[in-house]
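To start, the structure under review is shown below, and the notes come after it.
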Amino acid sequence: MVKVIHVADDGTEVAAIEVDDFTIEVIYSGIAEMLRQAASAPAAPTAAGGDLSRAERQRRDKILTRIRD
C-alpha cells in the first residue's frame, strides 16, 4: 500500500489517497509502456536543470523537503 499526498504551494496537504498493490502494478505497466514509446520517438529539446526560475527552484526545494521528511 502506498499513500500519495497532494501538497499545495504553501506546503499544506490538500488531498491524500492510498493506492493498493494491484493499482501500482497497473500504473507501473502504463508508465513503462509510455517510456518505451518515448524512447522510440525522436528526442525533443529539453530545458537544463539550471534554467529554473527562483520561484520554481523554491517550489522544487519545498517539495523535496516534504518528501524527505
Could you compute how much accessible surface Asp61 exposes when probed at 1.4 Å, giving the result in Å² to the nearest 10? 80
Give me the dipole magnitude in Debye, nearest 20, for the chain about the Cα centre, with unit charges on the beta carbon: positive for Lys and Arg, negative for Asp and Glu. 380
Could you list which residues have their amide H under 5 Å from that of Val19, counting only those 5 or more apart in sequence or on another chain, with H placed in the peptide plane? Val2, Lys3, Val4
Long-range amide H partners of Val7 with built H, under 5 Å: Val14
Fully extended contour minus Cα-Cα distance, from Asp9 to Ala41, at 0.36 nm per residue: 8.2 nm
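The values are calculated or read from the model by the stated rules, or taken from the named source; none is laboratory data. The structure presented is a predicted model; accordingly, all values stated were derived computationally and were not measured. Positions of Cβ are generated from backbone atoms using ideal geometry, with glycine treated the same way; all protein chains shown enter the neighbour counts. Surface accessibility is based on the protein's heavy atoms, side chains included, excluding ligands, DNA and RNA. Shrake-Rupley method; radii C 1.70, N 1.55, O 1.52, S 1.80 Å.
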